[in-house]
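Undergrad: Quick one: structure below, then a few questions.
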Amino acid sequence: MPSNLRFEDIKELIILPRNRCFYVEFVYRNDVVASDVDRNRVLGIDHGLNNWLTCVSNLGTSFIVDGKHLKSLNRWYNKQVATIKENKLQGFWSNKPAAITEKRNRQIRIPRINSGECQKIISSPSCVKRTLLIFH
């Protein structure tokens, strides 16, 4: 267990079986934080495939974050898994596709891929205080 974990703050513990491994997710209690958002400065973000993020603000600025690298990673992954599963029963899964899945997931989660795009979004004119609020 992590040394900085405070058990009294944990609301829920989720154990997820994924690719022949187990992952633990900790859900913490969190107080609602009131934010002073300027509703006159809004940035709309639409995620797609070729253009990973298309961002448009109500100030008249817009930019596009390229998604071709992520699309290329997924294409490689799908091709590798399809080759392994060729002539196998439906639902076939082994250590090799599991390892390929983990590799693809690690490549997608590389901080330089996501942090560069987040920095581009945060430095846009719509983000006054250089903070990014994410809504589901």
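The values are calculated or read from the model by the stated rules, or taken from the named source; none is laboratory data. No experiment lies behind these values; they were computed from the predicted model shown. Counting neighbours? That spans all protein chains shown, and the Cβs are built from the backbone with ideal geometry, glycine included.
Undergrad: Considering each residue of segment 69-89, count those that are among the basic types (Lys, Arg) and surrounded by 12 or more Cβ atoms within 10 Å (Cβ to Cβ), and give that number.
TA: Qualifying residue count, segment 69-89: 2.
Undergrad: Can you find a residue that is farther than 22 Å from ARG18 by Cβ and at pLDDT 85 or above anywhere in segment 91-100?
TA: no
Undergrad: So, one more: What number of residues within segment 55-72 satisfy the criterion of being touching a Lys or Arg at 6+ places or on another chain (Cβ under 7 Å) and within 29 Å of LYS103 (Cβ to Cβ)?
TA: 1
Undergrad: If THR131 satisfies every condition in (1) part of a loop (DSSP other than H, G, I, E, B); (2) modelled with pLDDT of 80 or more; (3) among the hydroxyl-bearing types (Ser, Thr, Tyr) but one, which is the exception?
TA: Here THR131 meets the rest and fails (2).
Undergrad: Looking for something out of contact with any Asp or Glu (no Cβ under 8 Å at 6 or more places or on another chain), exposed (fewer than 10 other Cβ atoms within 10 Å of the Cβ) and closer than 27 Å to ALA99 by Cα - is there at least one such residue anywhere in segment 29-43?
TA: Within segment 29-43, none of the residues are out of contact with any Asp or Glu (no Cβ under 8 Å at 6 or more places or on another chain), exposed (fewer than 10 other Cβ atoms within 10 Å of the Cβ) and closer than 27 Å to ALA99 by Cα.
Undergrad: Scanning segment 25-52 for residues that are more than 23 Å from the chain's Cα centre (by Cα) and in contact (Cβ under 8 Å) with a residue 12 or more places away in the chain, which turns out farthest from ASP66 (Cα to Cα)?
TA: My answer is SER35.
Undergrad: Separate question: Among the candidates GLU25, GLU8, which residue alone is farther than 20 Å from ARG106 by Cα and out of contact with any Gly (no Cβ under 8 Å at 6 or more places or on another chain)?
TA: GLU8
Undergrad: Follow-up. Consider only pairs whose beta carbons are under 9 Å apart and that are at least six residues apart or on different chains; among these, list those whose first residue lies in segment 5-24 and is surrounded by fewer than 10 Cβ atoms within 10 Å (Cβ to Cβ) and whose second residue is of a type in the set (D, E, K, R) and assigned to a strand (DSSP E or B).
TA: Note: pairs meeting the criteria are GLU12/GLU25; ILE14/GLU25; ILE15/GLU25; LEU16/GLU25.
Undergrad: Check whether at least one residue in segment 67-86 is in a loop (DSSP other than H, G, I, E, B), touching a residue at least 24 places away in the same chain (Cβ under 8 Å) and not hydroxyl-bearing (Ser, Thr, Tyr), and report yes or no.
TA: no
Undergrad: Here are the criteria: (1) over 30 Å from ALA99 (Cα atoms); (2) in contact with a Gly (Cβ under 6 Å, 6 or more places away or on another chain). Tell me which single one TRP52 does not satisfy.
TA: Unmet for TRP52, out of (1) over 30 Å from ALA99 (Cα atoms); (2) in contact with a Gly (Cβ under 6 Å, 6 or more places away or on another chain): (1).
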